[in-house]
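Report on one structure; see the data block that follows.
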Amino acid sequence: LSSVVIVGAGQAGFQVAASLRQGGFSGHISLINNEPGLPYQRPPLSKAYLLGKIATSNLAFRPEAFFDQQQIELLQDDAITIDRQNRHVVLASGKSLQYDHLVLATGAHNRPLSVPGDDLQGVFGIKTLADADALAPRVKDARNVVVIGSGFIGLEFAAVAAALGASVHVVDLGDRPMARAVSSDMAAVFRQTHESWGVQFHFHQGVTRLIGENGQITAIETTDGKVLPAELLVYGIGVIPNITIANEAGLAIENGIKVDANLLTSDPHISAIGDVACFPCIQNEGEHTRIESVPNAMEQARTLASRLLGNAKPFDAVPWFWTDQGNLKLQIAGLSTGYDSTVRLGSEATQQFSVLCFRKGQLVAVESCNRPGDHLAGKKILSRPPELTSAEASAPGFDLKIWEL
Ligand code: FAD
């Protein structure tokens, strides 16, 4: 292998370039970045960065010198076509890059709100540094904030806006926050805590239109006809994988770019990793699954780099996630999808507790709020048999950290 081209310089694309060099790859690496500036991390954009607790320069994965030292050619460009027959990627600038192996790490974009008035000023999604830079000064001054969607990003932003003194309303079609990601036990505690910060939830509600004056949002109307004042609206209603170039090149698509257990697409010279890749997930009973998280992007990048260096092994990392909301740090190991019972550890009163989720009596996820020890133990337990049963976890005095040993 003498040339690897990577499309997308986000978490997964950057990591595969870095891991290839770390593993001794001496061929050419091109990393195509269609965003301005150096490749950067996104998680702070909906949290610490908006609170001014982290400088822009600290968002970059590495300083500019790293790319020169490591001989990673960072191209500020957009990949527009893949010529699979001749193994070339054509860029918007007209440049054409030859590859022995192509990595698609194109991520995902925000699902648009698509309601009348969504083009008003004061309406934001948060995906890029540019989004966060435009939003940060506005949230400092906003008094009335509406958040559409109570997933991780919506709630992280709600916590920031409440901390900065705004009155915050959260509107969601579901019946509880973070419904797709956490158990109802954990969701209930997060709901209560947000309410204690003054956040008001409107569940089973959509948004029908955004109301404005002189091009600026002033209010929103919900599906039950409620009008909520809003000088600032942030939506976080899911993402859509960036599959255009893969699709046009005829690669297999299934809720993202479809890959096998080795993260290989339907073309043996092309792999896909990160938010865009839909892979057979052991923790989801082998179903093709797309996971949107930093750890997933990084682990997939490492697994791929290792394969390109001659050590192929199927991707089998235990999925894990985190979210920071006010003083609550939630870490999740595993996937709670389809859980049918839970066991709680610790104390909700001190906001240090964990929820163990079981499916048919077997542990499938550990959700830890301000209990990092449980999170680490959970990851280990989930990565190897024998699995923990709900009967064992319910025993008086049970301690996850001791069981793990
Ligand atoms: P991305 O990092 O999105 O990178 C993809 C890149 O490819 C983008 O720069 C895109 O513009 C570029 N691209 C797309 N098409 C092309 C093309 N044709 N040519 C060139 N470039 C292209 N995860 C967590 O685990 N914890 C968190 O707390 C957390 N917080 C988050 C907060 C925010 C605000 C956001 C937006 C995400 C957060 N995430 C978090 C998710 C995490 O950032 C993503 O899962 C991760 O970045 C995925 O990495 P990726 O490389 O697959 O995609």
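Of note:
- Residue-normalised convex hull volume from the C-alpha trace of region 73-211: 175 Å³ per residue.
- The candidates Met186, Met298, arranged from most to least accessible area with a 1.4 Å probe in the full protein assembly, appear as Met298, Met186.
- Cβ-derived FRET efficiency at R0 22 Å, Ser383 paired with Arg180, nearest 0.05: 0.45
- The ellipsoid equivalent to the alpha-carbon distribution of the chain has semi-axes of 35, 30, 19 angstrom, derived from the gyration tensor eigenvalues as √(5λ) and listed largest first.
- Accessible surface of Arg384 - all protein chains present, 1.4 Å probe, nearest 10 Å²: 90
- Rg followed by Dmax, in Å, when region 1-121 is reduced to its Cα trace: 16.6, 53
- Probe 1.4 Å - accessible area at Glu221, Å² to nearest ten: 40
- Heavy-atom accessible area for Cys281, with the other protein chains in place and a 1.4 Å probe, reaches approximately 0 Å².
- Taken as Cα centroids, region 251-301 and region 51-100 sit 21 Å apart, rounded to the nearest whole angstrom.
- Of Thr128, Thr244, Thr193, the residue with the largest accessible area leads and the full order is Thr244, Thr128, Thr193 (1.4 Å probe).
- For the chain: accessible area per residue (Å², 1.4 Å): 43
- Ranking of Val160, Val227 by solvent-accessible surface, largest first: Val227, Val160 (1.4 Å probe, protein heavy atoms only, all chains present).
- Here region 30-161 exposes an accessible surface that is 48 percent carbon and sulfur, computed with a 1.4 Å probe and the other protein chains kept in place.
- Accessible surface of region 213-258 [probe 1.4 Å, protein heavy atoms]: carbon and sulfur percent: 48
- Greater than 27 Å apart at Cα, pairs in Lys127/Lys329; Lys258/Lys360; Lys258/Lys401; Lys226/Lys329; Lys329/Lys401: Lys258/Lys360; Lys258/Lys401; Lys226/Lys329
- Less than 5 angstrom separates the built amide H of Gly125 from those of Tyr235, all sequence-distant by 5 or more or on a different chain.
- Karplus-derived 3J(HN,Hα) values for region 206-219, using 6.51 cos²θ - 1.76 cosθ + 1.60 with θ = phi - 60°, are x, 10, 9, 7, 9, 9, x, 9, 6, x, 10, 5, 10, 6 Hz; glycine and proline are entered as x.
The values are calculated or read from the model by the stated rules, or taken from the named source; none is laboratory data. Please read all numbers here as calculations on a predicted model, not as lab measurements. Note that we place each Cβ from the backbone using ideal geometry, even for glycine, and neighbour counts take in every protein chain shown. These accessible areas exclude ligands, DNA and RNA; they are computed on the full protein's heavy atoms, side chains included. Shrake-Rupley method; radii C 1.70, N 1.55, O 1.52, S 1.80 Å.
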